[in-house]
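Right, one structure below, let's go through it.
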Amino acid sequence: MPQEVFYLILFLVAFLYASVGHGGASGYLALMALYGITPAEMKPTALILNLFVSLTSFIQYHKRGYFLKKIFLPIASASIPMAFIGGMIHLEATLYKRILGFLLLFPILRFFFFKNTPDTHLKPCNRTVAIITGGSIGLFSGMIGIGGGIILSPILLLLQWTNQKQTAAISAAFIFVNSLAGLAGMLTQEVSITTDMTFYIIIAFTGGMLGAYLGARKFNQDALKYLLVTVLVMASYKLLFTTA
């Protein structure tokens, strides 16, 4: 695919992920996998993009009162140190691709199969479950180079602790702190940063700002969801079933 298509999809990934409170790392990694970028470059690139987009998304959702600190704190307290440890772990390239290919299935489930929970059906957060969940997701986040929101979001909705807007706000904050911790862990090792990083950040940040602004309000995302899922399915198949 031409480089211009890469930039367009990068913008759309940031836009759609930010609209549901995500940083977009799984989408960025899927896109980079399709373009043959190496895991050594993929992980730090995705996490840095995550920082900018998730922070933008969090600000928009926080302004509208969707952030629930009492649920976020026990999850994040366990995830941050585990994400740092995960960032220090170097995975063999084939294993990395297989794990990433599997994790790319989570955003597909999140976008299509987890609907909003009415406020009248919400349940109280179990602190022990929250800590175990946060620690487990944090470790995988650091290892793979994602913020963990694609895993946390469906869990929050499945447990009925939050509605979609609250899930988006918590996920955005969760992604930011995990991405920061995972990147810090990676910096203890040798890290590869692409020369196009500044341009990537500008594109992703612009898409993220627009997506977060509209997502915190009323916005129909159906058309973009199908485009994004197409990219995720293609990348997941390539990572799981091919050796290239």
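Overview of results
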quantity: Nonlocal amide H pairs with residue 90, under 5 Å, H built at 1.01 Å; calculated: none
quantity: Potential lengthening between residue 240 and residue 197 on full extension [0.36 nm per residue; Cα-Cα distance subtracted]; calculated: 12.8 nm
quantity: Most mobile listed residue (153, 136, 19) in the chain, GNM with C-alpha springs under 10 Å; calculated: 136
quantity: Listed residues 17, 66, 96, most fluctuating in the chain (Gaussian network, C-alpha, under 10 Å); calculated: 96
quantity: Exposed trypsin sites (Lys or Arg not before Pro) absent: longest stretch of the chain, with sites in DSSP loops and at most 13 other Cβ within 10 Å deemed exposed; calculated: 116-216
quantity: Sites residue 85 and residue 213 - FRET efficiency at Förster radius 30 Å, r taken between beta-carbons, to 0.05; calculated: 0.30
quantity: Whole-number percent relative contact order across the chain, with pairs defined as alpha carbons under 8 Å at least 6 apart; calculated: 39
quantity: Protection proxy ranking, peptides 2-11, 35-44, 48-57, average beta carbon neighbours within 10 Å, highest first; calculated: 48-57, 35-44, 2-11
quantity: At least 18 Å along the helix axis (C-alpha) and Kyte average at least 1.0, DSSP helices within the chain; calculated: 3-19, 69-88, 127-144, 197-215, 222-241
quantity: Estimated 222 nm signal from helices in the chain, with DSSP H stretches of n ≥ 4 weighted -39500 (n - 2.57), rounded to 500; calculated: -25000 deg cm²/dmol
quantity: The chain, accessible surface, carbon-and-sulfur percent (1.4 angstrom probe); calculated: 68
quantity: Number of Lys pairs (Cα under 27 Å; 8 or more positions apart or on different chains) in the chain; calculated: 27
quantity: The chain - accessible surface per residue (Å², probe 1.4 Å); calculated: 44
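The values are calculated or read from the model by the stated rules, or taken from the named source; none is laboratory data. Given the structure is predicted, the values throughout are model-derived calculations rather than measurements. Positions of Cβ are generated from backbone atoms using ideal geometry, with glycine treated the same way; all protein chains shown enter the neighbour counts. Note: accessible area is taken over every heavy atom of the protein model, side chains too, but ligands, DNA and RNA are not part of it. Shrake-Rupley method; radii C 1.70, N 1.55, O 1.52, S 1.80 Å.
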